[in-house]
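The values are calculated or read from the model by the stated rules, or taken from the named source; none is laboratory data. Remember, predicted model here, so these are calculated numbers, not experimental data. In this analysis, Cβ positions are derived from the backbone assuming ideal geometry, glycine residues included, and neighbour counts consider all displayed protein chains. We work out accessible area using only protein heavy atoms, side chains counted, and drop any ligands, DNA or RNA first. Shrake-Rupley method; radii C 1.70, N 1.55, O 1.52, S 1.80 Å.
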Protein chains: 2
Amino acid sequence: MDEPAWLDEHELSAWQAFLATGAIINRLVEQQLKDDSGLSHSQYEVLVRLSDAPDGELRMTELAGAAFTSKSGLTYQVAQLEKAGLVRRRACPTDVRGVIASLTDEGWAALRAAAPGHAALVREVFVSGLSREEFAGLASGLSALLGRLSVHAG
Amino acid sequence: MDEPAWLDEHELSAWQAFLATGAIINRLVEQQLKDDSGLSHSQYEVLVRLSDAPDGELRMTELAGAAFTSKSGLTYQVAQLEKAGLVRRRACPTDVRGVIASLTDEGWAALRAAAPGHAALVREVFVSGLSREEFAGLASGLSALLGRLSVHAG
DNA sequence: AACCAGTTGTTCAAACCCGAACCAACAGCC
DNA sequence: GGCTGTTGGTTCGGGTTTGAACAACTGGTT
């Protein structure tokens, strides 16, 4: 009801930290992937989602929901990945409109090759350096936030 | 030393939550600002940094450091803001190369107009819905992370 | 069967963002 | 004064992302 119109000191600094960490970490991840594997972060995410799905394939829409891009953005990235031979597209048997993206052998290989370096960086910039309690608090806060946002995103 | 090459379950889900929340929240913020004030998030950030600085002015480099864009990205955004009349550029008295960006009256006004709606959204998607403990944990985790990253960013 | 609201994925123009190259100007040094 | 290495900011080229418009299709209703 009588919520103040502004963020208080703690809220503001948490918000700033959220933005700053996001920006910095994204940049680092982007750089590492590009340098070591020639993949962009979005492309890597697409490969990961596919690899998590049964048979390594997923409808475009599901993929767009799981990854964090718009539909058109996904079309573009999948086209890039297809050009690179990491992903194949095929028609969906149950829906003529549908397109199914699936990992090729090269796609699996690229992912296997890229993952360890990526994991190491994530560990370095996101996990290590925090105490067990700090990390636990961060993790549970983020997960609560995500749960809350899912409502919003609906 | 013998760090596993992969992220364990907890690390992975925290990482995913970090990416997902960042993506979703950024999108919501972007949308709200654009709809209500015609500003992009980056532009809003630039205005905020300037308003935080003494006399509402800052050198380009300091601005680029404080906001989270590259130098060229900043040049672009400041040009946009200048075109919109919200920011003015003037030469730096102590360094001929230097450029000082400063808020115009319209800039102050635009910021004052945009801030409450922005604050309300941040509150809604970032603060509220979390218990006091969850938020505290999240905040301290983020701040630890940021402190850790500053080393990295050097 | 014919309609109709909703979904699917692509295309298009525009905006955005980055890194590299660049020029000009600083600072420190001999 | 003249070098030399560094910094400040813009420019440029290219890749990326977005939302809106679109055409094709679906599933349910009458």
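For region B:42-50, does any single residue satisfy the condition of being away from DNA strand D (no atom under 14 Å from the Cβ), under 23 Å from A:Leu121 (Cα atoms), among the β-branched types (Val, Ile, Thr) and out of contact with any Cys (no Cβ under 7 Å at 6 or more places or on another chain)? Let's see the steps before the verdict.
If we filter region B:42-50 for residues that are away from DNA strand D (no atom under 14 Å from the Cβ), which is where we start, we get B:43-45, B:47-48.
From what's left, under 23 Å from A:Leu121 (Cα atoms): none.
Checked region B:42-50: no residue is away from DNA strand D (no atom under 14 Å from the Cβ), under 23 Å from A:Leu121 (Cα atoms), among the β-branched types (Val, Ile, Thr) and out of contact with any Cys (no Cβ under 7 Å at 6 or more places or on another chain).
So if I check each of A:Ser131, A:Ser140, which one is away from DNA strand C (no atom under 11 Å from the Cβ), surrounded by 15 or more Cβ atoms within 10 Å (Cβ to Cβ) and within 14 Å of another protein chain (Cβ to nearest Cβ)? Write out each step before concluding.
Numbers: A:Ser131 fails: surrounded by 15 or more Cβ atoms within 10 Å (Cβ to Cβ).
Being away from DNA strand C (no atom under 11 Å from the Cβ), surrounded by 15 or more Cβ atoms within 10 Å (Cβ to Cβ) and within 14 Å of another protein chain (Cβ to nearest Cβ) holds for just one of A:Ser131, A:Ser140, which is A:Ser140.
Restricting to region A:54-64, name every residue that is without any contact (Cβ under 8 Å) to a residue 12 or more places away in the chain and more than 13 Å from DNA strand D (Cβ to nearest atom).
Within region A:54-64, A:Pro54, A:Glu62 qualify.
So B:Ala91 ticks every box in (1) open to solvent by less than 20 Å² (accessible area, probe 1.4 Å); (2) out of contact with any Leu (no Cβ under 6 Å at 6 or more places or on another chain); (3) aliphatic (A, V, I, L, M) but one. Which box is left unticked?
(1) is the only condition that B:Ala91 fails.
Residues being more than 8 Å from chain A (Cβ to nearest Cβ) and open to solvent by less than 20 Å² (accessible area, probe 1.4 Å): count how many of those fall in region B:19-34.
The qualifying residues number 2.
Do you know which residues across region B:65-78 are among the aliphatic types (A, V, I, L, M) and near DNA strand D (Cβ under 7 Å from one of its atoms)?
If we filter region B:65-78 for residues that are among the aliphatic types (A, V, I, L, M), which is where we start, we get B:66-67, B:74, B:78.
Of everything in region B:65-78, those that are among the aliphatic types (A, V, I, L, M) and near DNA strand D (Cβ under 7 Å from one of its atoms) turn out to be B:Leu74, B:Val78.
Just to be sure, is A:Gly73 open to solvent by 20 Å² or more (accessible area, probe 1.4 Å) and modelled with pLDDT of 95 or more?
Values: open to solvent by 20 Å² or more (accessible area, probe 1.4 Å): yes; modelled with pLDDT of 95 or more: yes.
Answer is yes for this residue.
What number goes with the only condition from (1) open to solvent by 40 Å² or more (accessible area, probe 1.4 Å); (2) more than 15 Å from B:Gly22 (Cα to Cα) that A:Leu146 does not pass?
It is condition (2) that A:Leu146 fails.
Output the residues belonging to region A:143-154 that are more than 8 Å from every other protein chain (Cβ to nearest Cβ) and under 16 Å from the mean Cα position of the chain (by Cα).
A:Ser150
Looking only at region B:83-125, count every residue that is more than 14 Å from chain A (Cβ to nearest Cβ) and more than 9 Å from DNA strand D (Cβ to nearest atom) and tell me the total.
Going through region B:83-125 one residue at a time, the tally reaches 20.
For every residue, the table says whether it meets (1) among the polar types (S, T, N, Q); (2) touching a residue at least 24 places away in the same chain (Cβ under 8 Å); (3) within 9 Å of DNA strand C (Cβ to nearest atom).
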{"position": "A:Asp52", "(1), (2), (3)": "no, no, no"}
{"position": "A:Leu74", "(1), (2), (3)": "no, yes, yes"}
{"position": "A:Gln77", "(1), (2), (3)": "yes, yes, no"}
{"position": "A:Lys83", "(1), (2), (3)": "no, no, no"}
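Conditions: (1) within 14 Å of DNA strand C (Cβ to nearest atom); (2) open to solvent by less than 20 Å² (accessible area, probe 1.4 Å); (3) touching a residue at least 40 places away in the same chain (Cβ under 8 Å); (4) away from chain A (no Cβ under 11 Å). B:Ser37 meets all but one. Number of the miss?
(2)
State all residues of region B:94-122 that are open to solvent by 70 Å² or more (accessible area, probe 1.4 Å) and farther than 20 Å from B:Gln31 by Cα; if no residue qualifies, say none.
Start the filter on region B:94-122 by keeping residues that are open to solvent by 70 Å² or more (accessible area, probe 1.4 Å), which leaves B:94, B:96-97, B:105-106, B:108, B:112-113.
B:Thr94, B:Val96, B:Arg97, B:Asp105, B:Glu106, B:Trp108, listed by residue number.
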